[in-house]
Amino acid sequence: MIPGLEVIRSSLAGPTDIVSLKRRLRDYAVVGRQLFLQRIIIYSAAILLAGYYYDASTALAFYAMVWLGEAFDGHVFNRILRWRDRDWSKARHYVRMIYIGTFFSATVIAFFSISLAAQQGQTMHFWALFMLFSASIFACINNHQFLSVLVLRLSIYVLALLFIPIRDLVVAQPPLSSPLWLQFFTVLFVLSFIIECSRSFLVGYVKNLRYINALVAEHEKTKTAYNAKKEFPATVSHELRTPLTALMGFIET
């Protein structure tokens, strides 16, 4: 049995109540807003280097798409954090918007890395593969609130990671002793690390969420018991006052 497999299975169906879904949406939005500056610095540095050493016009085009994706995600994050009711239709709408933003941003990064590899030719693609690997680890650490969203993003990155070395092997058809084959085997090794990293962060987040939900449920039970305790003397006093009043009236009569 793989550690945490049951936790992952239970998270495949997603949250079953609006409170849990709203908490996950807010967690996703908070993390997304907090990491905005970090993402922009990373994208800017990567595209600046790519534009200097390769094609500047291609780098600028991808940089514009990066900002477009960030603007869309920022709009979605702000709407989620301003959301106050518990409307299921709104929750599903925000989830769909997260899917759209995830697909767009991941596709931009994947195609940018593939374009870098294409400009380099059939050689070792350290920079392009490193960008995809870094983006995958970044997603594992920060996009684990929804398993399906994480799978979507990682699937796009993994396809790009595999496409770059496989394309070189198909075009160049090198012997097994070539570094291009070593690059391909290294990518396979890196993919196993990415999968394990995503599993670890996902299991940790889901367990923490269950713990929070259990605390909230226990808090509600405690509030109910406390309110019942406060109401008990008033109830007893009322129940005793009624027959005593009748008895006092009878005695006076």
Peptides ranked, highest mean first, by Cβ atoms within 10 Å: ranges 140-152, 185-197: 140-152, 185-197
May I have the extent of the alpha carbons of the stretch 50-109 along their three principal axes, as whole Å values ordered from largest to smallest? 50, 17, 11
Within the under-13-Å Cβ sphere about Leu159, not counting Leu159, Lys/Arg +1 and Asp/Glu -1 give a net charge of +2
For the stretch 155-197, which whole percent of the accessible surface, found with a 1.4 angstrom probe, sits on carbon and sulfur atoms? 79
Residue by residue, what Karplus-based ³J(HN,Hα) values in Hz, rounded to whole numbers, does the stretch 89-102 have, using 6.51, -1.76 and 1.60 with θ = phi - 60° and x for Gly and Pro? 5, 5, 4, 5, 4, 5, 5, 4, 5, 5, 4, 4, x, 5
Enumerate by residue number the trypsin sites (Lys or Arg not before Pro) in the stretch 83-180 meeting two conditions: DSSP loop (anything except H, G, I, E, B), and at most 16 other Cβ atoms within 10 Å of the site's Cβ. Arg84, Arg86
What do you reckon, how do Tyr94, Tyr53 stack up by accessible area (1.4 Å probe), largest on top? Tyr53, Tyr94
Going by average Cβ density within 10 Å per residue, which order do the peptides 54-61, 72-79, 100-107 take, highest to lowest? 100-107, 72-79, 54-61
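The values are calculated or read from the model by the stated rules, or taken from the named source; none is laboratory data. Treat the numbers as computed from the prediction; the structure is a model and nothing was measured. Because the Cβ atoms are built from the backbone with ideal geometry, glycine has one as well, and the counts that use them run over all protein chains shown. Only protein heavy atoms, including side chains, enter the accessible area calculation; ligands, DNA and RNA are left aside. Shrake-Rupley method; radii C 1.70, N 1.55, O 1.52, S 1.80 Å.
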